[in-house]
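For reference, the structure discussed in these notes is given below.
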Amino acid sequence: MKNSIKHTNLYLAILNRRSVRRYDRTVLDQVLIDQVQHLIVSAEPLITENHFDVRYHDGMLIDRDFISSMGAYGYIVSPPHAIAPYIIGNHYPLVDLGYRVEQIVVKLTELGIGTCYIGTLYREEDNRARLDLPADSRCGALLVFGYPASSATGRTLNSLMRSVPRGNSRLPLDLLFHQGSFDHPTYPTDDLLPILNAARSSPSAVNAQPWRFLWHEGELHIFVKRYNQKYGLGPGQAYRYYDGGICLANIKLAMNAQELEGEWILPNHGYNIPSHPSTLEPLAKWVFR
Ligand SMILES: Cc1cc2nc3c(=O)[nH]c(=O)nc-3n(C[C@H](O)[C@H](O)[C@H](O)COP(=O)(O)O)c2cc1C
């Protein structure tokens, strides 16, 4: 496998993206809003049959509806823009949703635009009603965006809030990665490093980092922990799917950055899933072409 990074800006956007909670008041100009719209329609699907769409108000500007749909968090962030991406479909809807939204997020980062996911799984029904989303849709998280605050206090608040869910820390690869079998976690070989560093940099709700990786017979298998204490009890446990989808997107984008070809295969396609601990759930495998 060749592993030189040809699209450095894309790769750096994956690695360097951070959640932004304090924003400049400046709104994006129409050219940028058009670009965001283009990113939305061009996000690559994981499952083509699922229907992906985004709800927003004029100019994607934040308004009262959005603030209330964000719950208490609406009073903390100051984003000029917000969208509610949602998906309708029976197969892995939350995984596919995270997959598509993270592509938008990374491309926004490349454009110098800050983003933050605002999880909605604990109030999905309420969110659906407030934002008039289709009854059979899944939303999982709102996405707020804009220019990061440039003032000293704004910058301080951004780094302070990142440290609350320990957003500035990621689990080391030699805890996340396995080779051949799940016997012992280990450090990956150099050729896999750019991909796995992109994978482990993925954002996740409360920075839970549910993903685990297995390199098995020339294919990369992604699993998620079935139970994640950080998500709390109840509907929040389903964040593992949304976060898992984000991780699949970062891997795919890192493949693109290296011009490596391949595709995701999902468990419903009936592939041979390598033996794994019962605490892990298979999400997908990457097959190189
Ligand atoms: C699905 C999802 C939901 C999130 N919900 C919230 C939220 O409601 N409030 C918040 O402050 N951050 C939220 N975050 C941001 C995470 O806390 C953040 O991504 C994580 O701590 C890692 O930090 P980083 O994004 O700065 O790298 C969410 C992230 C994801 C992926």
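Here are some notes:
- Residue check, residue 238 buried (at least 19 other Cβ atoms within 10 Å of the Cβ) and within 16 Å of the ligand (Cβ to nearest atom): no
- Within segment 117-132, tally of residues that are in contact with a Phe, Trp or Tyr (Cβ under 8 Å, 6 or more places away or on another chain) and part of a loop (DSSP other than H, G, I, E, B): 1
Each row is one residue, and each column tells you yes or no for (1) in contact with a helix residue (DSSP H, G or I) (Cβ under 9 Å, 6 or more places away or on another chain); (2) in the same structural domain as residue 157 (by TED's automatic domain parsing); (3) surrounded by 21 or more Cβ atoms within 10 Å (Cβ to Cβ); (4) part of a strand (DSSP E or B).
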residue: 182; (1), (2), (3), (4): no, no, no, no
residue: 195; (1), (2), (3), (4): yes, no, yes, no
residue: 202; (1), (2), (3), (4): yes, no, yes, no
residue: 213; (1), (2), (3), (4): yes, no, yes, yes
residue: 220; (1), (2), (3), (4): yes, no, yes, yes
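- Evaluation of residue 226 against (1) within 30 Å of residue 6 (Cβ to Cβ); (2) more than 16 Å from the ligand (Cβ to nearest atom) (one fails), failing number: (1)
- Options 97, 111: the member that is of a type in the set (A, V, I, L, M), near the ligand (Cβ under 10 Å from one of its atoms) and not assigned by TED's automatic domain parsing to the domain that holds residue 251: 97
- Some residue of segment 87-94 being touching a Pro at 6+ places or on another chain (Cβ under 7 Å) and not assigned by TED's automatic domain parsing to the domain that holds residue 217: yes
- Which numbered condition residue 168 fails, given (1) in contact with a helix residue (DSSP H, G or I) (Cβ under 9 Å, 6 or more places away or on another chain); (2) modelled with pLDDT of 95 or more; (3) within 16 Å of the ligand (Cβ to nearest atom); (4) on the phi < 0 side of the Ramachandran plot: (2)
- The residues of segment 254-267 that are more than 19 Å from residue 218 (Cβ to Cβ) and buried (at least 21 other Cβ atoms within 10 Å of the Cβ) amount to a single one, 257.
- Top-ranked residue of segment 87-113 - restricted to ones that are more than 14 Å from the chain's Cα centre (by Cα) and small (Gly, Ala, Ser), ranked as surrounded by the most Cβ atoms within 10 Å (Cβ to Cβ): 89
- Residues that are farther than 23 Å from residue 284 by Cα and touching an Asp or Glu at 6+ places or on another chain (Cβ under 8 Å) were ranked within segment 49-93; the one that is nearest to the ligand (Cβ to nearest atom) is 69.
- Neighbours by Cβ (under 9 Å, 6+ apart or cross-chain): first from segment 253-280, under 16 Å from residue 178 (Cβ atoms); second among the β-branched types (Val, Ile, Thr): 280/224
The values are calculated or read from the model by the stated rules, or taken from the named source; none is laboratory data. Only a predicted model underlies this, so the values are computations on that prediction, with no experimental measurement involved. Cβ coordinates were reconstructed from backbone atoms using ideal geometry, including for glycine residues, and neighbour counts include every protein chain displayed.
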